[in-house]
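The values are calculated or read from the model by the stated rules, or taken from the named source; none is laboratory data. Not measured: the values here are computed from a predicted model. Ideal geometry is used to build each Cβ from the backbone, glycine not excepted, and the neighbour counts take in all protein chains shown. For the accessible areas, the whole protein counts, side chains as well, though only heavy atoms, and no ligand, DNA or RNA atoms are used. Shrake-Rupley method; radii C 1.70, N 1.55, O 1.52, S 1.80 Å.
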Amino acid sequence: MKRILALAVLLLVPVAAFAQTVETPILTVEQAQQRAQHARELMTAAERKVRAAEKKEQAAYKDLEAAQKRMEEAQRAYEEAKMRADQATQASRAVQTEFDQARAKHQQEYQNLKRAHDAAEAARNAPR
C-alpha cells in the first residue's frame, strides 16, 4: 500500500510540473524583449558588482602585502634593538665589574694610606 502511494506521488509530481509549464502563456515578442532587456540589465549590474568586489579584493591584498612588509621591518627592527640591548647589557656588566675592581683597589689603597698616615703620626708622636 505504501509503495503504491509513493509511486502515485512520484507520478503526480512530473504531471503537476508539466501542467504548470503548459499553463504558462506564450509571450509576445515585445514582452520577451522586455524580459531579455531586464535580464541584461541585471547581468550588467552583477558584472559591475563583481568588478567592484575584485577591485576591493585587490586593494585588500595590497594592504595585506604592505602590512606584511611593515611587520617584517618591525620584526627586523625588534631583533636589531634586542641585539643592541644585549650588547649594552654585556657592556654594562663589564663596566660594573671594572668599577667593582676599581672600588676594591681604591679601598685597599685607602687602607694602605691610612696605615702609612697612622704610622707617620705614631713616629712623629713617639718620644725621642
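Worth pointing out:
- Where Val29 falls short, out of the listed (1) β-branched (Val, Ile, Thr); (2) at pLDDT 95 or above; (3) over 31 Å from the mean Cα position of the chain (by Cα): (2)
- Criterion (at pLDDT below 95, out of contact with any Ser or Thr (no Cβ under 9 Å at 6 or more places or on another chain) and surrounded by 10 or more Cβ atoms within 10 Å (Cβ to Cβ)) met by exactly one of Ala94, Ala52, Ala17: Ala17
- The lone exception for Ile26 - which of (1) assigned to a helix (DSSP H, G or I); (2) open to solvent by 80 Å² or more (accessible area, probe 1.4 Å) it fails: (1)
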